[in-house]
Amino acid sequence: MTQLNFSQFIHPRSQFPYVANVNGDEPMLDLYTMAGLILYTACANNNQNARENALEVSRASARNHQIDVKKLFERCKTGDRAAILEMITLMVPGLQTRVEA
């Protein structure tokens, strides 16, 4: 089994470790950091809830690009940096929709 570390899941657009405090609301990570954290939790810790969340929020974007998110997720679990970055990029729009709701 591949040993994964959190630094592999930091997207170049991530503002980690910065935490935003938007409009005086609760502090919040940027969406790229959030997506990376969810994906890391799913891949490195084999967390089923995080896995389902990652797959769910990435599906709409993946559908537009005809990408099989389950296969992409499996590549993420091996530490494939390109797959990790692609998965995070697919997750961000879904997370943004949830945050705005």
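The values are calculated or read from the model by the stated rules, or taken from the named source; none is laboratory data. Here the structure is a predicted model, which is why all the values come from computation and not from measurement. As a convention, Cβ positions derive from the backbone with ideal geometry for all residues, glycine included, and neighbour counts pool all protein chains shown. Please note that ligands, DNA and RNA were not included when accessible areas were found on the heavy atoms of the full protein model with its side chains. Shrake-Rupley method; radii C 1.70, N 1.55, O 1.52, S 1.80 Å.
In this structure, does R13 turn out to be open to solvent by 70 Å² or more (accessible area, probe 1.4 Å) and in a helix (DSSP H, G or I)? Here the answer is no, as R13 does not meet what is asked. Checked against (1) among the aliphatic types (A, V, I, L, M); (2) under 24 Å from T2 (Cβ atoms); (3) at pLDDT below 95, L39 meets all criteria but (3).
Open to solvent by 90 Å² or more (accessible area, probe 1.4 Å), part of a helix (DSSP H, G or I) and not charged (D, E, K, R): is that true of N49 in this structure? It is true that N49 is open to solvent by 90 Å² or more (accessible area, probe 1.4 Å), part of a helix (DSSP H, G or I) and not charged (D, E, K, R).
The residue of the stretch 52-61 that is most open to solvent (accessible area, probe 1.4 Å), among those that are in contact (Cβ under 8 Å) with a residue 24 or more places away in the chain and among the polar types (S, T, N, Q), is S61. Scan the stretch 53-70 and tell me whether some residue there is in contact with a Gly (Cβ under 8 Å, 6 or more places away or on another chain), among the aliphatic types (A, V, I, L, M) and part of a helix (DSSP H, G or I). Yes, the stretch 53-70 has at least one match.
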